[in-house]
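Notes follow once the structure below has been shown.
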Amino acid sequence: MDRFIIRGGKKLNGSVHTSGSKNAALPILVATLLTDEPCVLHRVPNLRDVRTTLKILEYLGKKIEYRDNTVTVTADGVLKNNLPYELVKQMRASFWVAGPLLARFKVAEIPLPGGCAIGVRPVDIHLKGFEKLGAECEMKAGNVILRAKELVPAKIVLRFPSVGATQNLLMCACLIPGETVLENVAKEPEVDDLIVFLNKMGADIRVGDKGQLVVRGKTALHGAEHAVVADRIESGSYMLAAAATRGDVTVDGCVPEHNSILIEALQEAGFTLDVTPDSVHVHAYDGEIKPVRVRTAPYPGFATDLQAPWMTLMTLCGGTAEVDEDIFENRFMHAPELVRMGADIVTEKSVARITGVKTLCAAHVQASDLRGGMALVIAGLCAAGETEVERVYHIDRGYEDLEQKLTALGADIRRYNPDK
């Protein structure tokens, strides 16, 4: 398996361009199942999860062309309404096909996603929503079978503002004539981007005065062209890499508003940032990094996907910082690896207490999940000596051209496979 070899101690310097958002691209690709007409999607990042999604679409009956970050999705015969476990097990987001397939066929069979390194991530919110829309849910041999004689519009109040459930139910409701109202929904920019794309396809979705989503369903949707929004987690990760290495980096092609809480936290920690409508410049800073407490929360709160890279920055603070992880259980799996690199971190349930150290030391570590893997890469960039990060396939799920972008900023990082 591939691993990263990082020789740390170099300050990052220069500019880095933000790729399209993985978390927006995946549901938008799935939404193409709602029509047989061609859809053209630009700024689709070349990532492992994206390639898995394209395989899923091909299996279901779509023809895919993918070149230079542009995906063209067209019909290629009759669509299927089921998926094999071999595809679903690779990516939990594959369950999002349930909504479009249920809407089009009134029956869908999807294997229940397995566990995840950062938590169980149950799909019960999705299923309860489908039941409100008139579907019956049956579990059989590890599969979820959804059936409906007729789907009906409904008012659905999510017990938690789940991003996946919000997107799944939105896609399903677009093809149910009548008015469906979703309350307590996720407000992440990735949800907004899906709504923009669905409306381009002919859907009628608007945001109510209390934040609810009102969907006036149609009998059919058409093809559309769309450019995926910038990846706020990638841009935030590069801001944190710049700060941790005491570098001077401009992250461009981003939407700073989507990272406003992170920007405020970095400023509170002592860093100077220049913000324009589409870039953030993190200035070099030689002073003491101030400890800052953050608590993860649904958007617009501090993103759980930036919690691990933020923790790496706080390992170098002057004092004791705290991180409260209120979204996912088991999302401190990177902490023991950071401790192996000299960090002082104590975790208790959903709280991590980080007492800053002067320097991190190079070590042989392994990524347990996508964002935890990025935390280790940033730690390796800061540490003196050679750090080896295993299981980089986790990191490949969410960061396009990571080693090339970091190398362009002056990092010493290379990909290595000991079996080749």
Checklist entry - Between region 86-101 and region 403-420, what's the alpha-carbon centroid distance in Å? => result 31 Å
Item to check | Mean residue ellipticity (222 nm) of the chain, computed from DSSP H runs ≥ 4 via -39,500 (n - 2.57), nearest 500 | outcome: -8500 deg cm²/dmol
Checklist entry - Relative contact order (percent) for region 369-412, with alpha-carbon contacts under 8 angstrom and 6 or more residues of separation? => result 45 percent
Checklist outcome for this item: Whole-Å distance linking the alpha carbon centroid of region 197-240 with that of region 251-272 is 23 Å
Checklist entry - Taking Cα pairs under 8 Å and at least six residues apart, what relative contact order does the chain come out at, in percent? => result 22 percent
Item to check | Given K22/K155; K11/K420; K128/K187, the pairs whose alpha carbons are separated by over 23 Å | outcome: K22/K155; K11/K420
Checklist outcome for this item: For E138 and D286, extending 7 Å from Cα along the Cα-Cβ vector and measuring point to point gives, in nm, a value of 7.1 nm
Checklist entry - Against the longest principal axis of the chain, how steep is helix 189-200, in degrees 0 to 90 to the nearest 10, with axes from Cα atoms? => result 30 degrees
Checklist entry - Pick from E322, E348, E390: which residue has the top mean-square fluctuation in a GNM of the chain where Cα pairs under 10 Å get a spring? => result E348
Item to check | Per-peptide average of other Cβ atoms within 10 Å, ordering 146-155, 133-142, 289-298 highest first | outcome: 289-298, 146-155, 133-142
Checklist outcome for this item: Helix 163-173: inclination vs the chain longest Cα principal axis, degrees, rounded to 10, gives 20 degrees
Checklist entry - Could you state the principal axis extents of the C-alpha atoms in region 30-186, from the largest down, to the nearest angstrom? => result 40, 37, 30
Checklist outcome for this item: For the pair N199 and D344, the simple spin-label estimate (label points 7 Å beyond Cα toward Cβ) gives in nm 5.1 nm
Checklist entry - For region 1-114, max minus min Cα coordinate along each principal axis, in Å, sorted largest first? => result 57, 31, 20
Checklist entry - Dividing the alpha-carbon radius of gyration of the chain by 2.2 N^0.38 Å (N being the number of residues), what value is obtained? => result 0.99
Checklist outcome for this item: Counting only protein heavy atoms and rolling a 1.4 Å probe, one gets per residue an accessible area for the chain in Å² of 40 Å²
Item to check | Vicinal HN-Hα couplings computed from phi for region 330-347 (Karplus, 6.51 cos²θ - 1.76 cosθ + 1.60; Hz; Gly/Pro x) | outcome: 6, 9, 10, 5, 7, 4, x, 5, 5, 4, 4, 9, x, 6, 10, 10, 10, 10
Item to check | Spatially proximal aspartates and glutamates relative to K10 (Cα-Cα < 19 Å; intrachain offsets below 8 disregarded) | outcome: D248, D286, E288, E386, E388, E403, D412
Checklist entry - Per residue, what volume in Å³ does the Cα convex hull of region 361-420 take up? => result 87 Å³
Checklist outcome for this item: Partner lysines whose C-alpha sits under 22 Å from that of K80, ignoring same-chain residues fewer than 8 away, are K55, K62, K63, K89, K106, K140, K149, K218
Item to check | Accessible carbon and sulfur surface of the chain relative to its total accessible area, %, 1.4 Å | outcome: 49 percent
Checklist entry - Does region 316-363 classify as rounded, prolate or oblate by the C-alpha gyration tensor (a ≥ b ≥ c root eigenvalues; a/c under 1.5 gives rounded; else a/b over b/c gives prolate, otherwise oblate)? => result oblate
Next on the checklist: For the chain, take the longest principal axis of its alpha carbons; what is the angle in degrees between that and the long axis of helix 48-60, to the nearest 10 within 0 to 90?
Outcome noted: 10 degrees
Checklist entry - For the pair T219 and E329, how long in nm is the line joining their label points, each one 7 Å along Cα→Cβ? => result 4.8 nm
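The values are calculated or read from the model by the stated rules, or taken from the named source; none is laboratory data. Fair warning: this is a prediction, and the values are worked out from it, not measured in the lab. Here the Cβ is made from the backbone with ideal geometry for all residues, glycine too, and neighbour counts use every protein chain on show. Each accessible area value is taken on the protein alone, full model and side chains, heavy atoms only, with ligands, DNA and RNA left out. Shrake-Rupley method; radii C 1.70, N 1.55, O 1.52, S 1.80 Å.
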